[in-house]
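Enquirer: My structure is below; once you've seen it, I'll send some questions.
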Amino acid sequence: YGVSNFDRYEREIQGVTTSSVVAIDWTFQIIKNYILGGASACFTMCTETGEIAALGIAKSTAVSQVSHMLQEIIAVRPTFRPQIIYTDTWPSSREFWTNVFGLLLVGRLGLFHLMKRILDTLNSRCALYWQALVEFKSSIYRYNDDDEANLIRVLKNGTMAKDGKCHSDEDICQLRHSKRWKQRYQEYLRKLFYPTDTAKYRLVEWTNKFKDLKDMNGKSLFSRDTEKVAIEQTKKVQYIQDLEGIDMYRQLPPCSRSS
């Protein structure tokens, strides 16, 4: 059509003129594909529909690095005024984002970022790692009862597996203590967050339970930073809660050949 990829991508970004929810993130791997002195991170702003509203390579992850770009975007898109923002720096960057998008902006940290800050400090080679991970998640949220019951039922009767394998209770328990549980089944399980005070208490309880434990080989689960990081994150649990009045999930019907 005579339109280069560069022009097409640029027009796609320019085409995003409205959005009520945006997610801000900084990625680093993509920088390896560029030879740019001083470049250390790629800034992305995505909408709730998966569109890219803003994109830029920056010298650091400081919000000041993208301030000018965001001001230019706001200037040419008068209807682009997100009401909710997800960012891995919330609430420390609250003042910056409210200055950009308005005082009524609601910010969220996001479950992934809170969990990652704690889990990155754990020793993944410790035999207690997966037990601690499952109990850590259970301290913050639980699954919708109907979703969990439906998943367990189809795992047991074999309709979930291509080969018709019927899982036993022990098989399901082993799956829950492995990365395959998230990879295969997270799309079928809605998460329900505990109230803030409950989650804080349970997170402290989890920390006290595992902080001094070692496996049979003498490997400690916690590093020297884990307890400190976990206690710090209890102050931010309130920012991962789902917002009232907003449906965080949408149902996708199965295809015609699905069992």
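Enquirer: Every residue in the stretch 177-215 that is open to solvent by 70 Å² or more (accessible area, probe 1.4 Å), outside any loop (DSSP other than H, G, I, E, B) and closer than 30 Å to Pro254 by Cβ, please.
Expert: Scanning the stretch 177-215 gives Arg180, Lys182, Gln183, Arg184, Gln186, Glu187, Tyr188.
Enquirer: Do we find a residue being over 21 Å from Ser139 (Cα atoms) and under 21 Å from the mean Cα position of the chain (by Cα) anywhere in the stretch 181-190?
Expert: Scanning the stretch 181-190, I find at least one residue that is over 21 Å from Ser139 (Cα atoms) and under 21 Å from the mean Cα position of the chain (by Cα), so the answer is yes.
Enquirer: Follow-up question, since we're still on this one. If you check Thr87 against the conditions, is it without any contact (Cβ under 8 Å) to a residue 12 or more places away in the chain and in contact with a Leu (Cβ under 8 Å, 6 or more places away or on another chain)?
Expert: no
Enquirer: Scan the helices (runs of 4 or more DSSP H) fully inside the stretch 107-175 and keep the ones with 2 or more residues being among the aromatic types (Phe, Trp, Tyr).
Expert: 129-140
Enquirer: Please tell me if Thr87 is open to solvent by less than 40 Å² (accessible area, probe 1.4 Å), in contact with a helix residue (DSSP H, G or I) (Cβ under 8 Å, 6 or more places away or on another chain), within 29 Å of Ile118 (Cβ to Cβ) and modelled with pLDDT of 90 or more.
Expert: It is true that Thr87 is open to solvent by less than 40 Å² (accessible area, probe 1.4 Å), in contact with a helix residue (DSSP H, G or I) (Cβ under 8 Å, 6 or more places away or on another chain), within 29 Å of Ile118 (Cβ to Cβ) and modelled with pLDDT of 90 or more.
Enquirer: In the stretch 224-258, which residue that is touching a strand residue (DSSP E or B) at 6+ places or on another chain (Cβ under 7 Å) and farther than 15 Å from Met115 by Cβ is surrounded by the fewest Cβ atoms within 10 Å (Cβ to Cβ)?
Expert: So the residue we want is Leu243.
Enquirer: Looking only at the stretch 158-168, decide whether some residue is in contact with a Gly (Cβ under 7 Å, 6 or more places away or on another chain), of a type outside the set (D, E, K, R), open to solvent by less than 50 Å² (accessible area, probe 1.4 Å) and without any contact (Cβ under 8 Å) to a residue 60 or more places away in the chain.
Expert: Yes, the stretch 158-168 contains at least one residue that is in contact with a Gly (Cβ under 7 Å, 6 or more places away or on another chain), of a type outside the set (D, E, K, R), open to solvent by less than 50 Å² (accessible area, probe 1.4 Å) and without any contact (Cβ under 8 Å) to a residue 60 or more places away in the chain.
Rundown of residues vs (1) closer than 26 Å to Gly102 by Cβ; (2) touching a helix residue (DSSP H, G or I) at 6+ places or on another chain (Cβ under 9 Å), yes/no style:
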{"site": "Gly15", "(1), (2)": "yes, no"}
{"site": "Ser19", "(1), (2)": "yes, no"}
{"site": "Trp26", "(1), (2)": "yes, no"}
{"site": "Ile30", "(1), (2)": "no, no"}
{"site": "Ala39", "(1), (2)": "no, yes"}
{"site": "Phe43", "(1), (2)": "yes, yes"}
{"site": "Thr47", "(1), (2)": "yes, no"}
{"site": "Ile52", "(1), (2)": "yes, yes"}
{"site": "Ile57", "(1), (2)": "no, yes"}
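Enquirer: Let me ask you something else. Within the stretch 90-146, can you find the residues that are among the charged types (D, E, K, R), farther than 23 Å from Asn208 by Cβ and open to solvent by 70 Å² or more (accessible area, probe 1.4 Å)?
Expert: Those that are among the charged types (D, E, K, R), farther than 23 Å from Asn208 by Cβ and open to solvent by 70 Å² or more (accessible area, probe 1.4 Å): Arg94, Glu95, Asp145, Asp146.
Enquirer: Just checking, which of Ser259, Ser178 is hydroxyl-bearing (Ser, Thr, Tyr) and either more than 23 Å from the chain's Cα centre (by Cα) or under 27 Å from Arg108 (Cβ atoms) (or both)?
Expert: Ser259
Enquirer: How many residues does the stretch 71-86 contain that are among the hydroxyl-bearing types (Ser, Thr, Tyr) and assigned to a strand (DSSP E or B)?
Expert: So the answer is 1.
Enquirer: When you scan the stretch 37-48, do you find a residue that is touching a Lys or Arg at 6+ places or on another chain (Cβ under 6 Å) and of a type outside the set (S, T, N, Q), even just one?
Expert: Yes, the stretch 37-48 has at least one match.
Enquirer: Would you confirm whether any residue within the stretch 151-170 is closer than 24 Å to Phe222 by Cα and under 25 Å from the mean Cα position of the chain (by Cα)?
Expert: No, there is no match, as no residue in the stretch 151-170 is closer than 24 Å to Phe222 by Cα and under 25 Å from the mean Cα position of the chain (by Cα).
Enquirer: Okay, next question. Taking the stated definitions as given, is Val76 closer than 23 Å to Glu48 by Cβ and either open to solvent by 50 Å² or more (accessible area, probe 1.4 Å) or free of Cβ contacts under 8 Å to residues at least 12 places away in the same chain (or both)?
Expert: Here the answer is yes, as Val76 does meet what is asked.
Enquirer: Determine whether Trp206 is in contact with a His (Cβ under 6 Å, 6 or more places away or on another chain) and touching a residue at least 40 places away in the same chain (Cβ under 8 Å).
Expert: no
The values are calculated or read from the model by the stated rules, or taken from the named source; none is laboratory data. Since the structure is predicted, the reported quantities are computational estimates derived from the model, not experimental observations. For neighbour counting, all protein chains shown are included, and Cβ atoms are generated from backbone atoms with ideal geometry for every residue, glycine included. These accessible areas exclude ligands, DNA and RNA; they are computed on the full protein's heavy atoms, side chains included. Shrake-Rupley method; radii C 1.70, N 1.55, O 1.52, S 1.80 Å.
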